[in-house]
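Mind looking over this structure? Questions follow.
The values are calculated or read from the model by the stated rules, or taken from the named source; none is laboratory data. Note that the coordinates shown come from a computational prediction; the quantities given were computed from them, not determined experimentally. FYI the Cβ positions are ideal-geometry reconstructions off the backbone, even for glycines, and counts take in every protein chain you see. Each accessible area value is taken on the protein alone, full model and side chains, heavy atoms only, with ligands, DNA and RNA left out. Shrake-Rupley method; radii C 1.70, N 1.55, O 1.52, S 1.80 Å.
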Amino acid sequence: VVQIDAASLIIDTPAARQLAGVDPDGPSVEDVAEIRAKMLSDEQLGVVAFPAIRFETTRLRLADEGLELYGELTIHGVTREVDVEAQLQREGDAWVVRGSFAIEQKDFGIEPISIGGVVKVANEIEITFEIYAAPRR
């Protein structure tokens, strides 16, 4: 189980824009703050009522290219099954799982954000992750 505090999400960082291959300049600091506030609102993620985003693996399969994870993703109180392809690598004494998958926001009861017709987020979004597991010291 991986659980994320939804209120801790940060959006539109330079690193994320580079990873997505989009214009590095992006929206203004004010627009990013407005988009984030709207994303956390009751109409979007609803972090007061639904403080966590959760993925629970129900099945795992080793594949030639890495891992295939099958599980349940819960966002905004709605749970959907997702399939995730990931890579597993050893880095020092830690294991790292990296992957990404796409979801449709509307499948989770979320209407994609639009601000003044200038900033508009697509229904399909890509979730990219890195999970590090290392022994406790």
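For residues that are crowded, with 16+ Cβ neighbours inside 10 Å and over 16 Å from the mean Cα position of the chain (by Cα), scanning just the stretch 27-47, find the one that is farthest from Phe108 (Cα to Cα).
The residue in question is Pro27.
I would also like to ask the following. Would you be able to say whether some residue in the stretch 64-79 is open to solvent by 60 Å² or more (accessible area, probe 1.4 Å) and in contact (Cβ under 8 Å) with a residue 24 or more places away in the chain?
No - not one qualifying residue is present in the stretch 64-79.
Out of the residues in the stretch 71-89 that are in contact with a helix residue (DSSP H, G or I) (Cβ under 6 Å, 6 or more places away or on another chain) and part of a strand (DSSP E or B), state the one that is farthest from Phe129 (Cα to Cα).
This residue is Val78.
In the stretch 81-120, how many are over 14 Å from the mean Cα position of the chain (by Cα), open to solvent by 40 Å² or more (accessible area, probe 1.4 Å) and under 24 Å from Asp5 (Cβ atoms)?
6
Going through Thr74, Thr128 one at a time, which residue ends up being in contact with a Leu (Cβ under 8 Å, 6 or more places away or on another chain) and within 26 Å of Ser41 (Cα to Cα)?
Working: Thr74 fails: in contact with a Leu (Cβ under 8 Å, 6 or more places away or on another chain).
Only one candidate passes the filter, namely Thr128.
Take Ala16 and decide whether it is surrounded by 10 or more Cβ atoms within 10 Å (Cβ to Cβ) and either at pLDDT 90 or above or under 23 Å from Thr79 (Cβ atoms) (or both).
So Ala16 fails the test.
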